[in-house]
1. Given the conditions (1) crowded, with 19+ Cβ neighbours inside 10 Å; (2) at pLDDT 90 or above; (3) closer than 23 Å to residue B:221 by Cβ, which single one is not true for residue B:368?
2. Looking at B:179, B:207, B:261, B:234, which is the one that is at pLDDT 90 or above, surrounded by 15 or more Cβ atoms within 10 Å (Cβ to Cβ) and in contact with a Pro (Cβ under 8 Å, 6 or more places away or on another chain)?
3. Check the stretch B:82-104 and report whether any residue there is part of a loop (DSSP other than H, G, I, E, B), buried (at least 20 other Cβ atoms within 10 Å of the Cβ) and either more than 14 Å from chain A (Cβ to nearest Cβ) or basic (Lys, Arg) (or both).
4. List every residue pair whose Cβ atoms sit under 8 Å apart, with the two residues 6 or more apart in sequence or on different chains, where the first one lies in the stretch B:323-346 and is touching a residue at least 60 places away in the same chain (Cβ under 8 Å) and under 18 Å from residue B:313 (Cβ atoms) and the second, anywhere, is β-branched (Val, Ile, Thr) and in a loop (DSSP other than H, G, I, E, B).
5. Criterion first (touching a helix residue (DSSP H, G or I) at 6+ places or on another chain (Cβ under 8 Å), in a loop (DSSP other than H, G, I, E, B) and at pLDDT below 90) does residue B:376 satisfy it?
6. Check B:134, B:121, B:127 and return the single one that is more than 14 Å from every other protein chain (Cβ to nearest Cβ), over 33 Å from the mean Cα position of the chain (by Cα) and either more than 21 Å from residue B:26 (Cβ to Cβ) or buried (at least 22 other Cβ atoms within 10 Å of the Cβ) (or both).
7. Condition first: without any contact (Cβ under 8 Å) to a residue 24 or more places away in the chain and over 25 Å from the mean Cα position of the chain (by Cα). Now tell me which residues in the stretch A:60-80 satisfy that.
8. Can you tell me which residues in the stretch B:50-74 are free of Cβ contacts under 8 Å to residues at least 40 places away in the same chain, within 14 Å of chain A (Cβ to nearest Cβ) and either closer than 23 Å to residue B:139 by Cβ or among the basic types (Lys, Arg) (or both)?
Amino acid sequence: MYPKPIPPSHRTSRILYMTGVWAVLAIWLLPVAAIIMTSFRTFDDIMAGNYWGWPTKFNILENYAAIFQHTDMLVYFRNSLIITIPSVVLVLALSTMTGFVLSRHKFVGSTLLFAAFIAGNFMPYQVFMIPVRDLMVSLGLYDTYGALILFHVSFQLGFATLFMRNFIAALPGELFQAARAEGASPMQILRIIVVPLVRPALAALAILLFTFIWNDYFWAIVLTQTDAVKPVTAGLANLRGEWVSAWNVISAATLFVAIPPVLMFFLMQKHFVSGLTMGAVKG
Amino acid sequence: MSNVTLKNVNKHYGPFHALKNIDLDIVPGEFVVMVGPSGCGKSTLLKTIAGLEEVTNGTINIAGRDVTREEPGDRGIAMVFQSYALYPHMTVRQNMGFGLRIMKRPPEEIEAAVQRAARILRIEELLEKKPAQLSGGQRQRVAIGRAITREPHVFLFDEPLSNLDAALRTQMRVELATLHKDLNATMIYVTHDQIEAMTMADRIVVLRAGVIEQVGTPLGLYHNPANRFVASFLGSPRMNFFEGIVSSIEDGAVVVNVDGLPPLAFANIREGHGLTQNATVAVGVRPEHLHLSGDHEIQAPAKIRLSEQLGRETVLYADAGALKTVGSDTGTSDVTLLAGEGGIPAEASTVTFGFDTNRAYLFGPDGQTLTTEKTIGA
């Protein structure tokens, strides 16, 4: 096991270590704290330059109400859900199938196909920006939910396939042989044997995908233009234009946008952590 | 109850020839055990019968039907795996009924089949449990029960007892043999354990490097091995092999010179042995035929190096000077002897052991047995 735990007998080291941990945590959380505080401030407070201090007056209700009254955040929020949920569901369904085939069936070119799925992960996605935008324009999907769903599904599929393939490959091979000997078709094996056994992997993957897709900003601004289809991340950026320096409202909106992924993380923290390490271990 | 017939079955994995011209006839109700060292192709052969591996060429008949190109599920087989391969997310009841559910049988029929199998294997009280809650022996019972519910033409076992501890293995061995009698089913069983093969089989199939070396009853193979490989594979402790040179051939009698022994005259040699003078041959004698007392044709002195006392018998490893064994269990050139309960010589003591040439086997340069068949039980 590395790093080695500090034994309780080393008192000084332990105290230093714990102090260090808290210090790092504080630095890490400081911007978040600042955003939370800012979302409580009045506009006047910000104009007066009170960015880090205690708010002179708490304006919580007004700031948060402003998100719904003066901005289109609700529309963006709905757009994000419309984009994220089908994308996650589609990626889960497709990657379970691709993972199953690539881990359990050998066919000519299977290794190459798998390599192609993985290789996609290593491409810096910025290089796709112009081709993908042009593609969506010629497909007539530019500035629609479809553009983002299609892109996210295909782009996340590489990682998701690797993840599911490794997980399914780690299941004992005799299980599949037993099911086959009992007359189960590949589709039945997938449905009755594989899906129930990979449920933990699917849960972990769902959270990862939800977070990735919900938090995407780059493709949101590349592939959408109108407010009617913009997801929250792009919508947030819009607020700056409309409310030049209303940082208190922007902060409030930011926190509002962060609710779903944070909520998901806390609800399924166990799966999230295992998801980060799961696919990587066995190959 | 049905027969299984393999005709000229071949299996290639790329350049590797895993099964070579396998011909085998299994009669209804027979318990056939396939043995061989690891990598000999016994599991591959079982999987080709199951349909989990495709044959390169040749035909497989089960119950009079050509199933060579059929899916495993359509062949009327049921397989029991070494790792049991129980579906971890299903209860014992669901595991045992899985095959029938796939076949879309009515629920009452499935339940009846599960109950019947559970009764046979005495696992009725485990039906609601998940595999993880069961012990190794119980899991193996469930795996066998899963096979029984499908009422297959043939049961296939792939080293089913290898994951169990010694005590449980003996118990399951007896249970499987009993089950075979009760169900009167055709069973094919793969193992590397010669004791399982000897105790359970109606007939043993010995495989080496994808080739069937010999097929026969356990005692038939033990007493009349077709070649040196079969002779060395069956029997524990292993047969002693001594290398020798043919010194003369007269009227079917062959005289062999082995270093450290007086000349051995074999009268019981098969026709057409093809031996020539100065050919290198091997003489095989089972440890139980090397006697520490009495008058025997061939006698030699040896110094006891090590004794393994097993209670009923004692295995002795002895250094016989110029007389060296080849290919022994222990990797040494010591002679292996067996002593009964009485008269166990002390370690480091010198003994005289003897044997009769009619108890010995002569193996030709190609390893084939050249001595004529011995009467079993004589």
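The values are calculated or read from the model by the stated rules, or taken from the named source; none is laboratory data. Because the structure is a prediction, the values reported are computed rather than measured. For neighbour counting, all protein chains shown are included, and Cβ atoms are generated from backbone atoms with ideal geometry for every residue, glycine included.
1. Residue B:368 satisfies all of (1) crowded, with 19+ Cβ neighbours inside 10 Å; (2) at pLDDT 90 or above; (3) closer than 23 Å to residue B:221 by Cβ except (1).
2. Numbers: B:179 fails: in contact with a Pro (Cβ under 8 Å, 6 or more places away or on another chain); B:207 fails: in contact with a Pro (Cβ under 8 Å, 6 or more places away or on another chain); B:261 fails: in contact with a Pro (Cβ under 8 Å, 6 or more places away or on another chain).
None of the other options fit; the residue is B:234.
3. No, the stretch B:82-104 contains no residue that is part of a loop (DSSP other than H, G, I, E, B), buried (at least 20 other Cβ atoms within 10 Å of the Cβ) and either more than 14 Å from chain A (Cβ to nearest Cβ) or basic (Lys, Arg) (or both).
4. B:336/B:330
5. Details: touching a helix residue (DSSP H, G or I) at 6+ places or on another chain (Cβ under 8 Å): yes; in a loop (DSSP other than H, G, I, E, B): yes; at pLDDT below 90: yes.
When the stated conditions are applied, residue B:376 passes them.
6. Working: B:134 fails: over 33 Å from the mean Cα position of the chain (by Cα); B:121 fails: over 33 Å from the mean Cα position of the chain (by Cα).
Answer to the selection: B:127.
7. The initial filter retains those residues of the stretch A:60-80 that are without any contact (Cβ under 8 Å) to a residue 24 or more places away in the chain, namely A:60-62, A:65, A:68-69, A:74, A:78.
If the condition is that a residue be without any contact (Cβ under 8 Å) to a residue 24 or more places away in the chain and over 25 Å from the mean Cα position of the chain (by Cα), then A:60, A:61, A:62, A:65, A:69 are the ones that fit.
8. B:52, B:72, B:73
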